Structure formats: C-alpha cells, structure tokens
C-alpha cells in the first residue's frame with residue numbers, strides 16, 4: 001500500500017505540464033518576407049535580373065564618363081552629329097575644325113562630300129569608336145559621324161533689314177516668342193529656310209540657343225539661314241514696324257485666317273508664341289494682326305514647330321501668287 005502511494009506521489013510531482021511547450025509553438029515568426037526576398041518565388045528571380053541590368057548600366061555609364069575624359073571638344077565648341085545633319089551643314093558652308101568618324105565608315109560613299117571638304121579645308125579626320133561618339137554626343141543618334149564647330153555666330157537684325165532694302169524684295173522674317181524647345185527651334189529654322197524667309201529672330205531670354213539639337217533638326221537650315229538674337233523682342237518688333245514691316249502673330253483664336261492674309265506681299269514678320277502659353281501679352285499688343293490656322297475641332301492646337309511651318313507655307317503661296 002505504501003509502495004503504491006509512493007509511486008502516485010512521485011508520478012504527480014514529476015509532471016511539469018505542456019503549457020510552456022505549446023506557448024513556444026504558438027509564438028509568432030515575425031513579418032512575412034517580401035515575395036522578391038523568397039528564393040523560391042518568381043519575383044526573387046526578377047529582382048536578381050534587375051540588379052544585373054542595373055550593374056551593367058552603371059558599368060556602361062562609367063565607361064562613357066571615362067571616355068569623355070580621353071576625347072573632348074574644345075571649349076565653347078558645339079557638336080553636330082548624324083549623316084544628313086553633318087552633310088547639309090558642310091554643304092551650307094559651316095566652318096568646322098575636326099571630323100570624328102567611326103572607323104567602319106571611313107570608306108562610306110554617303111560621306112564623300114564631307115570627307116572631300118575636310119581635305120580641301122585641311123581639317124583633320126579623327127577615327128573613333130562608337131563608344132567615343134556616344135560620349136561626345138551625350139548618346140544622341142550620331143550614325144557614326146560628328147563634326148566640331150565653333151559657337152554659332154548670330155546675325156544682327158539691323159544689318160538684315162538693310163540688306164533687304166538693297167535687293168528690292170519685301171523682307172520676310174520669323175520671330176519666336178519664348179520657344180525653349182530646341183527641337184521646335186530647329187524645325188522652325190528648317191521651315192523658314194524651305195519657304196524663303198530672310199531670317200529668324202529669337203530673344204536672349206526665355207529662348208533656347210542654337211545648339212547641337214537645333215543643328216541636327218534644322219538639317220542644314222541653321223547653316224544657310226541667319227538667326228538674330230536680340231535683347232528685347234518687343235523693341236525689335238517695334239523697330240521692324242518703323243521700317244515698314246507688318247507684324248502678324250500666330251494664335252489659335254486669331255481674327256484672320258492665315259491662308260487669307262491680305263498683307264502677305266508686304267514686308268512681313270510672323271511671330272510664333274511659346275509651346276504652352278502662346279504669345280506673351282506685350283508681344284500680342286505689338287502685333288498688327290493675330291492670325292490663326294483652321295484645324296479640326298477634334299484637335300485643340302498644333303505644335304509650335306508644325307504651326308509655324310504651315311503658316312510659312314501659306315504665306316509663301318500667297319506671296320508667290322501676288323508676284324505672278
């Protein structure tokens with residue numbers, strides 16, 4: 001009997017229970033890892049691929065930076081790239097100091113004019129790699145060729161006006177009010193050259209300068225057509241008016257259709273406003289008339305470069321018709 005009691009008491013005292021074990025088993029394991037951090041999840045593989053691409057991109061950028069230090073342009077020089085842009089600039093007589101040519105294009109017949117001009121002008125041809133050109137052109141589409149040119153020499157509007165007096169043909173200028181996009185400036189210069197304008201006028205403030213993008217987009221227009229850069233556009237327009245010029249502003253809400261402009265055969269200045277705000281208030285007040293281009297009601301407006309091109313085409317047709 002005593003042995004049984006002893007066994008019962010020993011069994012009871014040796015039991016420690018299971019509550020602690022269950023508590024540990026129910027303890028939280030922390031927040032669920034992100035899908036990209038779970039090695040078995042497809043998102044993890046995509047993360048690794050992104051990191052590999054990022055490392056390769058950084059390596060390319062570092063390579064470009066290193067090359068920028070090895071081949072550089074002279075201080076103040078600009079860089080024109082692209083087969084067509086370079087060919088048209090050279091054909092237009094632009095001065096250039098060096099040609100940078102991708103080695104594989106040395107014997108390319110499409111560049112024969114450029115290379116012939118280089119020989120005639122004693123301009124060195126520097127053979128470079130594609131990566132070198134990427135660095136020099138800030139990764140613009142260069143098509144394997146670029147030329148180093150001096151800073152653009154702006155014309156003087158007074159000299160341009162006096163030159164028009166001598167040839168007896170009514171002057172025709174394009175003025176830009178706050179065009180800051182070089183693509184638009186290049187497009188406008190190209191259209192102005194195509195439709196026989198005598199020059200383009202840009203202000204010193206709130207306007208982009210003639211740069212490598214303008215050179216490329218103008219397709220040689222910047223080499224053939226004078227561009228005047230004036231301190232104050234309104235005062236320049238007032239000067240032109242004093243010289244007998246009629247100032248026409250382009251705006252979607254204009255009172256006259258550009259295709260029916262009655263003063264097209266007069267000395268004329270066509271003014272295009274900025275890409276967003278259009279003509280400034282002072283410029284608008286200086287204009288003799290505000291003309292518009294009729295377009296479909298499905299479209300609110302035209303890009304500044306496109307609108308100017310359409311207007312110049314219409315005015316050129318009107319002037320030609322009146323001459324005949």
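None of the figures in this text is laboratory data; all of them are computed from the coordinates on show. Everything numeric here is computed off the predicted structure, so don't read it as measured data. Glycine also receives a Cβ, built like all others from the backbone with ideal geometry; neighbour counts cover every protein chain displayed.
Considering only 102, 281, 143, the Gaussian network model of the chain with Cα springs below 10 Å gives its largest mean-square fluctuation to 281. Taking Cα atoms only, the orientation of helix 157-167 departs from the longest principal axis of the chain by about 40 degrees. Rounded to the nearest 500, the helix-only mean residue ellipticity at 222 nm of the chain stands at -13500 deg cm²/dmol, with each DSSP H run of n ≥ 4 adding -39,500 (n - 2.57).
The candidate values are [x] 5, 20, 21, 16, 12, 7, 4, 3, 3, 3, 3, 2, 1, 0, 0; [y] 5, 25, 33, 24, 10, 2, 0; [z] 6, 29, 38, 23, 4, 0; the one derived from this structure for P(r) over Cα pairs in 10 Å bins from 0, in percent carries the label [x]. With neighbour counts taken as other beta-carbon atoms within 10 Å, the residues 193, 208 rank, fewest first, as 208, 193.
Computed from the Cβ-Cβ distance with R0 of 30 Å, the FRET efficiency linking residue 242 to residue 322 stands at 0.80. Summary value for the stretch 71-149: 53 percent relative contact order, contacts being C-alpha pairs under 8 angstrom separated by 6+ residues.
If I build a Gaussian network model for the chain, linking alpha-carbon pairs within less than 10 angstrom, which residue out of 292, 129, 242 has the largest mean-square fluctuation? Result: 242 has the largest fluctuation of those listed. Computed from Cα positions, the angle between helix 233-242 and the longest principal axis of the chain comes to roughly 10 degrees.
Nearest 10 degrees is fine. How inclined is helix 182-194 to the longest principal axis of the chain, computing both from alpha carbons? Once rounded, the angle reads 30 degrees. Among 108, 198, sorting on how many other beta-carbon atoms sit within 10 Å of each Cβ, with the fewest leading, yields 108, 198.
Averaging the sequence gap over all C-alpha pairs within less than 8 Å and six or more residues apart, then dividing by the number of residues, gives the chain a relative contact order of 16 percent. Residues 40, 196, arranged from fewest to most other Cβ atoms within 10 angstrom of their Cβ, appear as 40, 196.
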